[in-house]
Amino acid sequence: MSIPTFIFLILLLHLLFASQPCHLILTSAADCRWQLLQTSIGISAMHMQLLRNDRVVIFDRTDFGKSNLSLPNGKCRNDLTEGALKVDCSGHSVEYDVSSNKFRALMVQTNVWCSSGAITPDGKLVQTGGFNDGERRVRVFSPCSSRDCDWQEIPNGLAARRWYATNHILPDGRLIIVGGRRQFNYEFSPKNITANTFNLPFLLETNDKGEENNLYPFVFLNVDGNLFIFANNRAILLDYVKNEVVKTYPTIPGGDPRSYPSTGSAVLLPLKNLKMADLQAEVLVCGGAPKGSFAQALRGNFIRALKTCARITITDPNPKWVMETMPLARVMGDMILLPNGKVLLINGAGSGSAGWELGQNPVLSPVLYRPDKKIGSRFKTQNPTTIPRMYHSSATLLRDGRVLVGGSNPHAFYNFTSVLFPTELSLEAFSPAYLDSKFNDLRPKIITPKSMSGIRYNKRTNIQVVITGKVAENLVSATMLAPAFNTHSFSMNQRLLVLGNDKVTTCGNSAYNIEVTTPSTHNLAPPGFYLLFVVHQNIPSQGIWVKLR
């Protein structure tokens, strides 16, 4: 081959690659990357929860029919509900081991479809409600080191049917379960003596006829101990002890709904300056679908998703929503808090609504939201995946800083052929830019305390780290993150506290001692397991598990 011909071929190859969709050539770019972990775990990851042993419990629903995963040791489940497989020897839940990248089948007894969950202070996953035979069930998964731990179920553990409800851990360690289809009330778990439900008229007031738009309400524990509850396009502050609304927030400008099935997402932004008497708390709500999108999608008309975010200081005496514009319109997206205080928007569609085959135009590119930057410069588009994550997809942060992504099944059953968006059984990991090797000299490594250490409220705590590069002491901070239960574009109980640093001391040989003060009250951080990170110049360490008590 002559030199001119060789050069011509090289140039032609460059032109061919440049003309391809960017997700084919950017997934291994230096700033962030995607990794396919499993082509199939046998089920579609509709619900996810990271546990304190670095395993993720994943499940979909029991009335899909047979899954692509067999139960071990000849186990089978009998199901008498209408439309379900009567004898089902396949699994509908898995335990995924992050460190080994392996998974095993779990046996869930009743239908967990569109249910809710939370981690209790002792580290157990308590999961509530579902459909048909699962609607009043409470299920418990206790993490263990063996391969014997499995789901345990409590019949009639709930006072009311809970389908599309939201859970939150309270300062006293109980769960509150809010709403659900045709449930304009809330209750607590475990049950008390009265086992009553408590009326919440706000959920009836936000119920759009024919569309609802108030399911899976966004619930956050405010720093004063009350609950911020958002449904449809507005919110209240609820004193759940007295069953009184203590504040009513304004409607989001424009009035478009943000709750299921016009599914946006929301986060409580990182809590900072924890020692201040007038501590502020902010909520960010992003994406969703214009009013009427669900009905229009049923007719085959897929309206463009919302491109706006709304941000509000919920502790403000006169709170107002501040509107921002995202780079990409998004419905059914997930919002994940990262250890360095940034927010990742991931998954979802560009038009339509939540529901069977009601979403179109997958949004393949995540977007990073940087809450401390000036408005207008907070968003940064990330490298795209190649796998659409539509209705019934999920995502959760892992201890190593990656984001686990799975699911997507917009069909009433598993469907892999002759459909626009086949049922997706794979798992991926999204690695944010902070995991790139070029930041290794800035990345802290926690030496002490050891993982699973206990820490107490309002105490000075020493964290020893190694940082090989030059340290900017004013840019060192510790953060604590509560792992969330993720489903249907909302991460329940997701919470990030910025402890900052009281003092950084050099110990020699690239070792540093960081003195921090733990959260002062249960209202700031309910008791239980958290991931503790040290962040240096926006580069986080791997997390360690700590138990706040």
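Determine the relative contact order of the range 282-412: mean sequence separation of Cα pairs under 8 Å and six or more apart, normalised by residue count, in whole percent.
Details: 322 pairs, mean separation 26.0, N = 131.
Once normalised by length, the contact order is 20 percent.
Order Val246, Val367, Val419 by their accessible area, 1.4 angstrom probe, all chains in place, largest first.
Values: Val246 75, Val367 5, Val419 45 Å².
Result, largest first: Val246, Val419, Val367.
For Trp151, Trp163, write out the residues from largest to smallest accessible area, computed with a 1.4 angstrom probe and no ligands counted. Present the calculation step by step, with values, prior to reporting the outcome.
Details: Trp151 15, Trp163 40 Å².
Most to least solvent-accessible, the answer reads Trp163, Trp151.
Among 502-509, 126-133, 219-226, how do they line up from the highest to the lowest mean number of other beta-carbon atoms within 10 Å?
By packing density, highest mean first, the sequence is 126-133, 219-226, 502-509.
Suppose every K and R has +1 on its Cβ and every D and E has -1 on its Cβ; what is the size of the dipole of the range 33-435 about the Cα centre, in Debye to the nearest 20?
For this selection, approximately 680 debye.
Of the listed pairs Lys102/Lys470; Lys450/Lys503; Lys75/Lys450, which have alpha-carbon separations greater than 27 Å here?
Lys102/Lys470; Lys75/Lys450
Distance from the Cα centre of the range 108-172 to that of the range 277-323, in angstrom?
So the two Cα centres are separated by 29 Å.
Compute the Cα gyration tensor for the range 195-291, then decide on rounded, prolate or oblate, letting a ≥ b ≥ c be the square roots of its eigenvalues: rounded whenever a/c is under 1.5, prolate when a/b is larger than b/c in the other cases, and oblate in all that remain.
oblate
Which order do the peptides 114-124, 370-380, 86-96 come out in when sorted by mean C-beta neighbours inside 10 angstrom, highest first?
The most tightly packed comes first, giving 114-124, 86-96, 370-380.
Whole-Hz Karplus ³J(HN,Hα) for the range 164-169, in order, using 6.51 cos²θ - 1.76 cosθ + 1.60 and θ = phi - 60°, x for Gly and Pro?
Result, rounded to whole Hz: 6, 9, 10, 10, 8, 6.
Just from its helices, what would the mean residue ellipticity at 222 nm be for the chain, if runs of 4 or more DSSP H residues each count -39500 (n - 2.57) and the sum is divided by every residue, rounded to the nearest 500 deg cm²/dmol?
-1500 deg cm²/dmol
Test of understanding: express the Cα radius of gyration of the chain as a ratio to 2.2 N^0.38 Å, with N the residue count.
Normalised Rg, Cα atoms only: 0.96.
Return the carbon/sulfur percentage of the accessible area of the range 33-435, one whole number, probe 1.4 Å, all protein chains in place.
Ligands and nucleic acids excluded, carbon and sulfur reach 50 percent.
Quick one: pull the percent of accessible area on the range 439-548 belonging to carbon and sulfur, 1.4 Å probe, ligands and nucleic acids left out.
On the way: 1970 of 4160 Å².
Reported share for carbon and sulfur atoms: 47 percent.
About the Cα centre, and with charges only on the beta carbon of Lys, Arg (+1) and Asp, Glu (-1), how big is the dipole of the range 349-471? Nearest 20 debye, please.
1020 debye
Arranged from highest to lowest average of other beta-carbon atoms within 10 Å per residue, in what order do the peptides 140-150, 102-112 appear?
Taking the mean over residues of other Cβ atoms within 10 Å, the ranking is 102-112, 140-150.
Probe of 1.4 angstrom, ligands and nucleic acids ignored: what's the accessible area per residue over the range 439-548, in square angstrom?
About 38 Å² of surface per residue is accessible.
Excluding same-chain residues fewer than 8 positions from Lys247, which lysines have a Cα within less than 29 Å of its Cα?
Answer for Lys247, where 29 Å is the Cα cut-off: Lys191, Lys209, Lys272, Lys275, Lys291, Lys307, Lys320, Lys342, Lys373, Lys374, listed by chain and number.
Placing +1 on the Cβ of each Lys and Arg and -1 on the Cβ of each Asp and Glu in the chain, which of Ala84, Phe228, Asn214 has its Cα farthest towards the positive end of the resulting dipole?
The Cα lying farthest towards the positive end belongs to Phe228.
Does the range 439-548 come out rounded, prolate or oblate, given a ≥ b ≥ c as the square roots of the eigenvalues of its C-alpha gyration tensor, rounded meaning a/c under 1.5 and, failing that, prolate meaning a/b above b/c?
Prolate, since a/c reaches 1.5 and a/b exceeds b/c.
Could you point to the residue in Leu499, Leu475, Leu548 farthest towards the positive end of the range 441-549's charge dipole, with +1 and -1 charges on the Cβ of Lys/Arg and Asp/Glu respectively?
Projecting each Cα onto the dipole axis, the largest value belongs to Leu548.
Find how much the distance from Glu153 to Glu515 grows on full extension, using 0.36 nm per residue of separation minus their present alpha carbon separation; answer in nm with one decimal.
Here the segment from Glu153 to Glu515 would lengthen by 126.0 nm.
The values are calculated or read from the model by the stated rules, or taken from the named source; none is laboratory data. Remember, it's a predicted structure, so these values are computed and weren't measured experimentally. Methodologically, a virtual Cβ is constructed for each residue, glycine included, from the backbone with ideal geometry; neighbour enumeration extends over all protein chains shown. Heavy atoms of the whole protein, side chains included, go into the accessibility calculation; ligands, DNA and RNA do not. Shrake-Rupley method; radii C 1.70, N 1.55, O 1.52, S 1.80 Å.
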